[in-house]
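The values are calculated or read from the model by the stated rules, or taken from the named source; none is laboratory data. Nothing here was measured: the structure is a model prediction, and the numbers come from that model. All Cβ positions, glycine included, derive from the backbone under ideal geometry; neighbour counts span all protein chains shown. With ligands, DNA and RNA removed, areas are computed over all heavy atoms of the protein, side chains included. Shrake-Rupley method; radii C 1.70, N 1.55, O 1.52, S 1.80 Å.
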Amino acid sequence: GGYCERNPHSSATGAWQFILPTWEELLKKGWVSGAAPEGNTRAQRLIQDGGAIGLMGSGQACVLQDLVDGTNPSRVVNGLAKVWAGLPTMGGASHYGYDGLNKANVSLGQITRALA
């Protein structure tokens with residue numbers, strides 16, 4: 001999706017589909033400004049991308065260094081899937097698929113090719 005995307009089924013908005021609690025956590029940590037998570041100005045794109053990078057480098061994912069180094073792609077895939085429900089784990093399904101609401105919206109092949 002684009003930087004102005006809104007998910008009709010949740011509070012997820014923007015290119016990275018941040019849900020409201022995630023956006024609030026990003027604000028609390030000071031990783032993003034108080035601007036709304038959606039918008040297609042250069043500043044809004046940088047804010048959203050900065051929040052995504054912050055999530056990749058901490059918490060459940062903690063894979064930013066592996067992503068930058070190109071090491072341990074399995075750890076990267078599984079870590080990113082813990083943050084973004086629409087991404088598959090190495091098993092090919094959403095980490096949160098057990099709830100019946102979430103599913104991987106891209107294939108494992110798409111993710112591994114993007115990381116190559």
Item to check | For segment 51-102, accessible area per residue (1.4 Å probe, heavy atoms of protein chains only), Å² | outcome: 51
Item to check | Residue list for segment 85-105, given a label point 7 angstrom along the Cα-to-Cβ vector of H9 and an amide N cut-off under 15 Å | outcome: 85-88, 94-105
Checklist entry - Mind checking the angle between helix 42-56 and the chain's longest principal axis? C-alpha axes, 0 to 90 degrees, to the nearest 10. => result 40
Checklist outcome for this item: Counting only residues 5 or more apart in sequence or on a different chain, those whose built amide H sits under 5 Å from that of F18 are T13
Item to check | Nonlocal amide H pairs with S94, under 5 Å, H built at 1.01 Å | outcome: T89, A104
Item to check | Heavy-atom accessible surface of segment 36-91: percent carbon and sulfur, 1.4 Å | outcome: 57
Next on the checklist: Per 0.36 nm of contour for each residue apart, how much would the distance between A93 and S58 grow if the chain were fully extended, relative to their Cα-Cα spacing?
Outcome noted: 10.4 nm
Checklist entry - In segment 1-71, if every C-alpha pair distance is counted and binned at 10 Å from zero, what percent goes to each bin? => result 22, 50, 26, 2
Checklist entry - GNM on the chain, C-alpha springs below 10 Å: top fluctuator among S33, S94, S11? => result S11
Checklist entry - Under unit Cβ charges (Lys, Arg +1; Asp, Glu -1), what dipole magnitude, rounded to 20 debye, does the chain have relative to its Cα centre? => result 80
Checklist entry - Given the rule -39500 (n - 2.57) for each run of at least 4 DSSP H residues, summed and divided by the residues of the chain, what is its mean residue ellipticity at 222 nm, to the nearest 500 deg cm²/dmol? => result -12500 deg cm²/dmol
